[in-house]
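To start, the structure under review is shown below, and the notes come after it.
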Amino acid sequence: MTTEQAKEVLRNAGYYVDNLWSIQDVDNDSLTDNEKQSVLNMALTNEHIMGEIQYGIRVAIEVITDKIK
(Lines give C-alpha, C1' and ligand atoms only; values in the text may rest on other atoms or scores of the structure.)
Protein backbone atom coordinates (compact mmCIF):
# COMPACT_ATOMS: atom_id res chain seq x y z
CA MET A 1 0.00 0.00 0.00
CA THR A 2 1.36 3.43 -0.87
CA THR A 3 1.36 6.38 1.49
CA GLU A 4 -1.40 8.01 -0.57
CA GLN A 5 -3.53 4.86 -0.39
CA ALA A 6 -3.02 4.67 3.37
CA LYS A 7 -4.00 8.32 3.72
CA GLU A 8 -7.14 7.69 1.64
CA VAL A 9 -8.13 4.79 3.90
CA LEU A 10 -7.69 6.99 6.97
CA ARG A 11 -9.49 9.93 5.31
CA ASN A 12 -12.43 7.65 4.52
CA ALA A 13 -12.49 6.64 8.20
CA GLY A 14 -12.81 10.29 9.21
CA TYR A 15 -9.20 11.21 9.96
CA TYR A 16 -7.57 14.43 8.81
CA VAL A 17 -4.34 13.43 7.07
CA ASP A 18 -3.37 16.48 5.03
CA ASN A 19 -0.83 17.72 7.59
CA LEU A 20 1.43 14.86 8.54
CA TRP A 21 4.90 15.07 10.05
CA SER A 22 7.77 12.66 9.46
CA ILE A 23 11.21 12.07 10.88
CA GLN A 24 12.60 14.02 7.91
CA ASP A 25 11.05 17.12 9.53
CA VAL A 26 13.33 16.69 12.56
CA ASP A 27 16.45 18.54 11.46
CA ASN A 28 19.07 16.81 13.57
CA ASP A 29 21.31 14.20 12.00
CA SER A 30 22.72 13.06 15.34
CA LEU A 31 19.38 11.51 16.36
CA THR A 32 18.27 8.00 15.48
CA ASP A 33 14.97 7.46 13.69
CA ASN A 34 13.44 6.29 16.99
CA GLU A 35 14.67 9.43 18.74
CA LYS A 36 13.22 11.55 15.94
CA GLN A 37 9.88 9.79 16.44
CA SER A 38 10.13 10.65 20.14
CA VAL A 39 10.83 14.30 19.27
CA LEU A 40 7.73 14.40 17.09
CA ASN A 41 5.63 12.71 19.75
CA MET A 42 6.77 15.14 22.44
CA ALA A 43 6.28 18.19 20.22
CA LEU A 44 2.90 17.21 18.79
CA THR A 45 1.34 15.96 22.03
CA ASN A 46 2.55 18.94 24.05
CA GLU A 47 -0.32 20.32 26.17
CA HIS A 48 0.15 23.84 24.79
CA ILE A 49 0.10 22.66 21.17
CA MET A 50 -2.97 20.52 21.78
CA GLY A 51 -4.72 23.52 23.35
CA GLU A 52 -3.84 25.70 20.35
CA ILE A 53 -5.23 23.09 17.97
CA GLN A 54 -8.46 22.89 19.96
CA TYR A 55 -8.68 26.69 19.86
CA GLY A 56 -8.15 26.63 16.09
CA ILE A 57 -10.90 24.03 15.71
CA ARG A 58 -13.33 26.21 17.70
CA VAL A 59 -12.49 29.26 15.56
CA ALA A 60 -12.92 27.27 12.34
CA ILE A 61 -16.30 26.00 13.54
CA GLU A 62 -17.41 29.59 14.16
CA VAL A 63 -16.21 30.72 10.72
CA ILE A 64 -17.92 27.85 8.92
CA THR A 65 -21.09 28.17 10.99
CA ASP A 66 -21.32 31.90 10.20
CA LYS A 67 -20.90 31.18 6.47
CA ILE A 68 -23.82 28.74 6.37
CA LYS A 69 -26.27 30.96 8.26
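The values are calculated or read from the model by the stated rules, or taken from the named source; none is laboratory data. Fair warning: this is a prediction, and the values are worked out from it, not measured in the lab. Cβ atoms come from the backbone with ideal geometry, glycine included; neighbour counts cover every protein chain shown.
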Hey, Ser30 of a type in the set (Ser, Thr, Tyr) and surrounded by 10 or more Cβ atoms within 10 Å (Cβ to Cβ) or not: no
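Quick check: anything in the range 50-66 of a type in the set (Ser, Thr, Tyr) and modelled with pLDDT under 95?
Of all residues in the range 50-66, those of a type in the set (Ser, Thr, Tyr) come to 55, 65.
In the following step, the residues that additionally are modelled with pLDDT under 95 were identified as 65.
Yes: the range 50-66 contains one or more residues that are of a type in the set (Ser, Thr, Tyr) and modelled with pLDDT under 95.
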Residue pairs qualifying under the 9 Å Cβ cut-off, at least six apart or on distinct chains, with the first in the range 55-68 being surrounded by 10 or more Cβ atoms within 10 Å (Cβ to Cβ) and part of a helix (DSSP H, G or I) and the second being of a type in the set (A, V, I, L, M, F, W, C) and modelled with pLDDT under 90, are none
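So for the range 3-12 (the condition being surrounded by 11 or more Cβ atoms within 10 Å (Cβ to Cβ), modelled with pLDDT of 95 or more and touching a helix residue (DSSP H, G or I) at 6+ places or on another chain (Cβ under 8 Å)), does at least one residue qualify?
No, the conditions are met nowhere in the range 3-12.
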Quick one: which of Glu35, Glu52 is in a helix (DSSP H, G or I), over 13 Å from the mean Cα position of the chain (by Cα), surrounded by 10 or more Cβ atoms within 10 Å (Cβ to Cβ) and not aliphatic (A, V, I, L, M)? Glu35
Restricting the range 15-32 to residues that are within 10 Å of the chain's Cα centre (by Cα) and among the aliphatic types (A, V, I, L, M), the residue that is modelled with the lowest pLDDT: Leu20
